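Accompanying notes for the structure given below.
Only the coordinates and a few stated rules stand behind these numbers; no lab work does. None of the values given here were measured: they were computed from a predicted structure. Cβ placement follows ideal geometry from the backbone for every residue including glycine, while neighbour counts extend to all protein chains displayed.
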Amino acid sequence: MPFEKHRHHWLYIWIPIFGDFIWFGTLLSMLITWVAEGCQRYSTMEQSIAYISDIGAEMLKPLFVTGCSITAVSFFLCLFIDRWLRHEGRLVPDMRRREKVLSMLAVCGAFIGGCGLILLSVFDTKRYPSLHRAFLLVFMIGVVLSAIFTIVEYRWLSKDLPDIRQLRIAYIVKAVIASTLIIWSIVFAATLYTAYNVGAVFEWMIAFGFTAYILTFWYDFRQSRNFSKGALIPLRARHQAQMADGHTSGHVTAQ
């Protein structure tokens, strides 16, 4: 039984690492290719610095579509597995219904964002500029919503169980990375049609920064080896006792 638990743990812990490796490798390959070609201006470019989509619309489109598809599936699986592990008691379980709802909404956001990422790579900016921008927006909104729901869920869990240090670390790291990416995304959107080179730089920063967010789930999944199905009951019992003590204390104070 311990061997089976350890083996299954290592099956899903590699998903965020694999997705990160593919996404980072795709971006790096595209950037190196563009630089090696003398930083040429493609037909879709009005600026000197290429957007990721400019490179992905040319001869590297098969690589771009493959990288985006694998990354999208990996990102969705990270959120889906996180929800499953909490349901099974392999990670710190949700204490209230609101955390479960937030987790499900985060999974839906990841699914929407993943679909947007795949479709924006298929409908490239050279042949389908309007569709490409629409799916880029879908991707960004889906990822942002997923990140917000996940962070709020972790925040409430860390408040319910303040003595579990891993939750506080996961919440803080995810919040810092996601907040940074959201700010960069706002700058990117503001400069997309006004300062093309600035927008291109921020697009690359956001894309590479996204690897850091995906990697945070590797840290989360590593904690699953410290939990078992039986850990679900004492954690919830302790939370209920804490809530009862707080309610009793508040009642006595009111009297």
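Figure legend: label point modelled 7 angstrom from the Cα of residue 48 along Cα→Cβ; residues of segment 191-208 with amide N under 12 Å from it are 197-198. Shown is the FRET efficiency for residue 186 and residue 39, computed with R0 = 30 Å from the Cβ-Cβ distance and rounded to the nearest 0.05: 0.65. Take each peptide in 205-214, 125-134, count the other Cβ atoms within 10 Å of every residue, and average; sorted highest first, the result is 205-214, 125-134. Say R0 is 35 Å: what FRET efficiency, to the nearest 0.05, do residue 193 and residue 97 get from their beta-carbon distance? FRET efficiency, residue 193 to residue 97: 0.25.
FRET efficiency for residue 88 and residue 176, Cβ-Cβ distance as r, R0 = 30 Å, nearest 0.05?
On the way: r = 28 Å, r/R0 = 0.94.
Computed FRET efficiency for residue 88 and residue 176 comes out at 0.60.
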